[in-house]
Number of protein chains: 2
Amino acid sequence: MEKRNLYLNNTPAEEAVKIYRKALEECVGVSYETIPVTEALNRVTKSAVYAKYCSPLYNSAAMDGVAVKAEITNLASEREPVELVIGENCQLIDTGDPIRPPCNAVIMAEDLVETPDPSRFRILASASPWQHVRPIGEDIVAGEMILPGGHRIRPVDIGVLIAGGVQKVEVVRRPLVAVIPTGSEIIEPGREPREGEIIESNSRMFENMVTEQEGLPFRLPPVPDDYGLLRQAILTAVREHDMVLVNAGSSAGMEDYTVHVLRELGQVIIHGVAIKPGKPVILAVVDGKPVIGLPGYPVSAFIGFQNFVIPVLDLYLGSNRQPAGRTEAVLSRRLISSLKYKEYVRVKIGKVDGKLIAAPLARGAGAAMSLVRADGFCVIDQNREGMEAGETVQVELFRSLSEIEHTVMVIGSHDLLLDVLSDLMPNLHPHMFLSSTHVGSMGGLMALRRGETHVAPIHLLDQKTGIYNRSYLEELFHEPVLLIKGVKRIQGLIVKKGNPLNIRGISDLPGRRYVNRQRGAGTRILFDYLLGENGLTPAQIDGYTHEASTHMAVAALVGSDGADAGMGIQSAAKAMDLDFLPIGAEEYDFALYPKALELPHIQAFLDVLKSQAFRMKLKEMGGYDTTGTGEQILIHGL
Amino acid sequence: MEKRNLYLNNTPAEEAVKIYRKALEECVGVSYETIPVTEALNRVTKSAVYAKYCSPLYNSAAMDGVAVKAEITNLASEREPVELVIGENCQLIDTGDPIRPPCNAVIMAEDLVETPDPSRFRILASASPWQHVRPIGEDIVAGEMILPGGHRIRPVDIGVLIAGGVQKVEVVRRPLVAVIPTGSEIIEPGREPREGEIIESNSRMFENMVTEQEGLPFRLPPVPDDYGLLRQAILTAVREHDMVLVNAGSSAGMEDYTVHVLRELGQVIIHGVAIKPGKPVILAVVDGKPVIGLPGYPVSAFIGFQNFVIPVLDLYLGSNRQPAGRTEAVLSRRLISSLKYKEYVRVKIGKVDGKLIAAPLARGAGAAMSLVRADGFCVIDQNREGMEAGETVQVELFRSLSEIEHTVMVIGSHDLLLDVLSDLMPNLHPHMFLSSTHVGSMGGLMALRRGETHVAPIHLLDQKTGIYNRSYLEELFHEPVLLIKGVKRIQGLIVKKGNPLNIRGISDLPGRRYVNRQRGAGTRILFDYLLGENGLTPAQIDGYTHEASTHMAVAALVGSDGADAGMGIQSAAKAMDLDFLPIGAEEYDFALYPKALELPHIQAFLDVLKSQAFRMKLKEMGGYDTTGTGEQILIHGL
């Protein structure tokens, strides 16, 4: 009876996992490989993936109809229709066709009144500039982050990556898992077992469990109960795979050699765990690879796999493999919907103040990126006219709730550094995420006040004092609120490469085609301030009402000759290879409520903000000053 | 502008799906293919799969230790130990080794007192017959249903199928889905798009959505906007695939040829749906195959796929593709657990009276079938001594909640016809299931009273009147309860093929090895009644305390020479190729509360019970009389 190992340990399951993962710390980790995007379903990105091209790549028709120069329609009315002649003052276009200068607007087919001459139409109302035109980069802007690191790739992500010109992607490599069936009594399927024989079946279950967990299983030939053969099989398996499962022989019977072989070849960390069924589990390390011995009873084998193999696979995969599902959330703002349609509204979900908030995203059909950014769909039934803010809605989730609950919600002004933060978060703090929505500085502060966001990034200039951000918080909030210093960033005019129109500053803008930012954007407030300083009025600026909603969108429009100049940040100009005329430094900071500091993911956010990796990346992008980044100023404190 | 189709319909989404599925009714349906079990992960079974072999195939040791004939240990005590000598009166065995006559018990290694002679041990207590012995078929009985039809195959199912000797399985065939990208403006990935060009990306999203939905996608080469080329592409695609997706060109622009081509080639059922985004959808039929035109905007394309492609894939796949997850449920009975272990208890989940009930299953580690039958795990933490009946517990689900909520819970006496009902349910009533747990007739009535089951199958003989079932319901219940007549079935003695011991009836049993059913089983009550009628007592029956818990387990024991005779039903004897001596007909009926009739799945159950398919199958099995099956008798009615 010498070979019996009567005395198994009885280590609690969680503790056994902890000890084992600690022992594997040095030798096991996530590795990566580059694969075609088209084969990347369910794979997890290594790091942020950026768009190569804009989508659309040019200003394009958002409707079927005709393209016109809006100005020629200015006088159209029911009394005095304007006549359009195809090929003369308008062009027939379908959705998606390019809109080229001098055309800058689309009139829908439905609004064209036919005449006896098929090439002539009448219109009864004027068209406004840029109506029904999808501006270049509306969906995806070249250089924009499409996916953050640590992201599980879904069908919709594959579509957007391809549309953005990305063909290959670096993803987490799948671990190769050897499964070795052992035992002199086991036989392969195919013939009727005799007394004393068992058809080997656990390895078939393991293979498929490994597949479900996203490893690559390799079932090796069965090994009889023979010390030497088992030793050889384990040695070979360890050489060629990332991880080895041995089944069974993990207990303390006469012929349970596994533990002895593993003691000879490497180190047995745990033998026996306090779990039922499933006690006789061996957790070992051989040549820096995990080797796990699992018991032979099917239920014990299954439970052993769930408790001990999956946590080790996690070391290789580093991913959060939780399924999505459905959830209830509180609607952040009123949604109006037509009785004509069942409507799918993409929403961002965030947990703020302990409750799940669903914040509706852009509703356009073209915005593939809104699918990538969305956390789920909220469906408005056809027979409803809409839903009120505060109403509880059902959301079909695209991400797991656990991921959503560990996500810092950022709503406010846009800056490319938000992409950097979002990419760094899960790298520096596993299972912590950042998700940002761009609604301008004022929009961010409103969202913060309504409890819809953890953090509002802002750059709001007090036109009286010339000081950024503080006075806005003092005026808009009456309770304590924190201002976390972000960065000083250079704002300026983005102009074409080589500055062919020789624009020197704001005063050169009249007569040029400008692209503005949307109302409430800090950049627009700064532009208004600078207009005043230069003695100009909005009416003098051609394109003052032509709005783009991000710095990158402004840069993309200038780059595609949709405008001659726009205001924005240096990194956007640099990303689109355009020239940049610095006008001044502004302060881009973060507003949040003090109690948010209690959340671990907010702490992670502050940590990333102060990290070396973040500073390095901003330095590389250019146009930022990180002196004082992360400092906290309490407004309305006691 | 002749080619414009300005006027799309605005059919509500659900109605459009209904109309389209109706149009496809004749030509589209589920088909099947036979594949190796090892490749069957996530595939859905066509019909019930039955075990070919028992598991274990022989009586085997459940522990490491020695095998003995229990009788020789009868006098062992601390004062007068019995000496065991290996090779003489005991054999050294490991878990899983066969236990052959005359041995009929295992003594654990821990209970052996060593002596100076390594081949001799002392024991200080007697061993009872069959202790630590896993009887043949304890886990799987040959002929037993392993999986019902319509079941999604999981890793654990693959293990059990292989263990039960099944190597191939008939499963639902995956539909071949062609994806045709169209448009003169689209280009393939690989070069920078010029103005007016778009990198085609929707088809890459569709491919992967089809994969996620378990179809097999085939992306075909892009087709320019040309009527003839598009016509040819669709014709070819329809010939070689089960379903075709055309993207885009589904709207009403000048170059949106799809609807015209489809009108020529087949029938356009719907053009335009009341959904936003996603209105311009075409649902057509060409040569009996569904052809769906989806809009080009990515978000519309995505929503169109979700709303219209998935319901058509469902016609091919016929499956319920809901994910599992976690749920809370009320524990049906007290669970005692050791502080030494974290324990995983397999449970059945059922929705009875609007609340989810978790009923614990067998706790042995060897019972792989209990994993297959379980709906989930309930975990008892190591630091808890157990949980009380009525306590709310967390359950990790193996099946989707929606499936569980449409499942008829059947707890009570075992009969093979329950497997037949379980197999027929989802076939005759899609998405309705039946799940049965075998605890004997009295156990079933107790579960019914505790609200843990919808239906209790019983065959309880009133020994005074000779009438089945009625008097038990009258005595045990005080509120109205329904008795649904099931079948009359022949009970008898199961003996070896050819009846070598020439057993003629109950009176021949003394001196033979009998295998009994567990306490509370109707068959055991009948046996006790017959013993009395024959003037015999339990003490005269060798093996009266040797219990098996199903008819099939009794038959398996007789078949493997673990016993000479046992009482059971004819179909079990037939399934194991044994002889059967009829003793009498008994009534196997179903008890349930009247309010259960309100549930659609209970109605489905009654419908299946009365179906032609059910009668035919029982006739084929033999030993049943279905006169009056489905008749209802109300007990304690007003």
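So what's the back-of-envelope 222 nm ellipticity for chain B, counting only DSSP H runs of four-plus at -39500 (n - 2.57) apiece and dividing by all residues, rounded to 500?
The helix-only estimate for chain B comes to -7000 deg cm²/dmol at 222 nm.
Along Cα→Cβ, 7 Å out, is where each label goes; now give me the distance between the ones at A:Leu75 and A:Thr236 in nm to one decimal.
Those two pseudo-labels are separated by 9.1 nm.
Taking the alpha carbon gyration tensor of segment B:411-638, what are the square roots of 5 times its eigenvalues, largest first, to the nearest whole Å?
Value: 31, 20, 14 Å, ordered largest first.
Taking a label point 7 Å from Cα toward Cβ, how far is A:Thr236 from its twins in the other copies, in nm, shortest first?
Those separations, rounded to one decimal, come out as 4.7 nm.
Considering Cα pairs under 8 angstrom that are at least six residues apart, work out the relative contact order of segment B:60-134 and quote it in whole percent.
47
Roughly how crowded by other chains is peptide B:98-104, in terms of the mean Cβ count from those chains within 10 Å of each of its Cβ atoms?
Per residue, the average neighbour count from other chains is 1.
Could you check what % of the DSSP bridge pairs in chain B are antiparallel, to the nearest 5?
Approximately 70 percent, going by the DSSP bridge assignments.
Can you give the relative contact order of chain A as a percent, counting alpha carbon pairs under 8 Å and 6+ residues apart?
Reported relative contact order: 12 percent.
Explain nothing, just the number: relative contact order of segment B:411-638, from Cα pairs under 8 Å at least 6 residues apart, as a whole percent.
Once normalised by length, the contact order is 32 percent.
Counting pairwise Cα distances across segment A:60-134, what percent come out greater than 13 angstrom? Please list the in-between numbers first.
Values: 1642 of 2775 pairs.
That fraction is 59 percent.
Taking a 31 Å limit on the Cα-Cα distance, which of the listed pairs A:Lys497/A:Lys610; A:Lys22/A:Lys168; A:Lys168/A:Lys619; B:Lys497/B:Lys619; A:Lys574/B:Lys279 fall beyond it?
Numbers: A:Lys497/A:Lys610 34 Å; A:Lys22/A:Lys168 34 Å; A:Lys168/A:Lys619 27 Å; B:Lys497/B:Lys619 22 Å; A:Lys574/B:Lys279 39 Å.
Beyond 31 Å between Cα atoms: A:Lys497/A:Lys610; A:Lys22/A:Lys168; A:Lys574/B:Lys279.
Dipole size in debye (nearest 20) for segment B:60-134 around its Cα centre, Lys and Arg Cβ +1, Asp and Glu Cβ -1?
In total the dipole reaches around 260 debye.
Once all Cα-Cα distances of segment B:438-484 are split into 10 Å bins that start at 0, what whole-number percent is in each one?
The percentages, shortest bin first, are 27, 60, 13.
Once segment B:124-246 is represented by equal point scatterers at the alpha-carbon sites, with solvent omitted, what log10 I(q)/I(0) does the Debye formula produce at q = 0.09, 0.20, 0.22 Å⁻¹?
The Debye formula, applied to the Cα set alone, gives -0.51, -1.10, -1.22.
Taking each label point as 7 Å beyond Cα in the direction of the beta carbon, state the distances from B:Leu75 to the same residue in the other copies, shortest first, in nm.
Label-point distances to the other copies, shortest first: 12.9 nm.
Going by C-beta contacts inside 10 Å, put B:Arg194, B:Arg512 in order with the fewest on the left.
Ordered by Cβ neighbours within 10 Å, fewest first: B:Arg194, B:Arg512.
What number results when the radius of gyration of the protein assembly as shown, computed over Cα atoms, is divided by 2.2 N^0.38 Å?
Against the compact-globule rule of thumb, the ratio is 1.10.
May I ask which residue of B:Thr115, B:Phe580, B:Ala163 lies farthest towards the positive end of the charge dipole of chain B, with charges of +1 (Lys, Arg) and -1 (Asp, Glu) on Cβ and the Cα centre as origin?
Positive-end residue among those listed: B:Phe580.
Net charge near B:Thr211, counting Lys/Arg +1 and Asp/Glu -1 over other residues with Cβ under 12 Å of its Cβ? Intermediate values should be presented prior to the final figure.
Numbers: positive: A:Arg154, B:Arg174, B:Arg204, B:Arg219; negative: A:Glu39, B:Glu207, B:Glu212, B:Glu214.
Result for the local shell: 0.
Considering only the other residues whose Cβ falls under 12 Å of the Cβ of A:Arg519, what net charge follows from Lys and Arg at +1 and Asp and Glu at -1?
Details: positive: A:Arg517, A:Arg524; negative: A:Asp528, A:Glu547.
Net charge in that neighbourhood comes out at 0.
Using DSSP to define loop residues, name the GluC sites (Glu not before Pro) in segment A:577-638 whose beta-carbon has at most 14 other beta-carbon atoms within 10 Å.
Answer in residue order: A:Glu631.
For A:Met621, B:Met576, which order do you get if you count the other beta carbons within 10 Å of each Cβ and list the fewest first?
A:Met621, B:Met576
Give the longest segment of chain A that steers clear of chymotrypsin sites (Phe, Trp or Tyr not before Pro) in DSSP loops with at most 16 neighbouring Cβ atoms within 10 Å, not counting the sites themselves.
Of all site-free stretches, the longest is A:8-476.
Provide the convex hull volume over Cα atoms per residue for segment A:2-65, in Å³.
249
I need A:Leu536, B:Leu417 ordered by Cβ neighbour count within 10 Å, fewest first.
Taking fewest neighbouring Cβ atoms as first place, the list is A:Leu536, B:Leu417.
Kirkwood hydrodynamic radius, chain B, all distinct C-alpha pairs: what's the number in Å?
28.3
At A:Gly511, with labels set 7 Å past Cα in the Cβ direction, how many nm apart are the copies from this one, shortest first?
Relative to the other copies, A:Gly511 has label-point distances of 12.7 nm.
Can you tell me the dipole magnitude for the protein assembly as shown around its Cα centre, using point charges on the Cβ only (Lys, Arg +1; Asp, Glu -1), in Debye to the nearest 20?
500
Throughout, read-outs are computed from the coordinates displayed, never taken from laboratory work. Treat the numbers as computed from the prediction; the structure is a model and nothing was measured. Cβ sites come from the backbone with ideal geometry, for glycine too, and all protein chains shown count toward neighbours.
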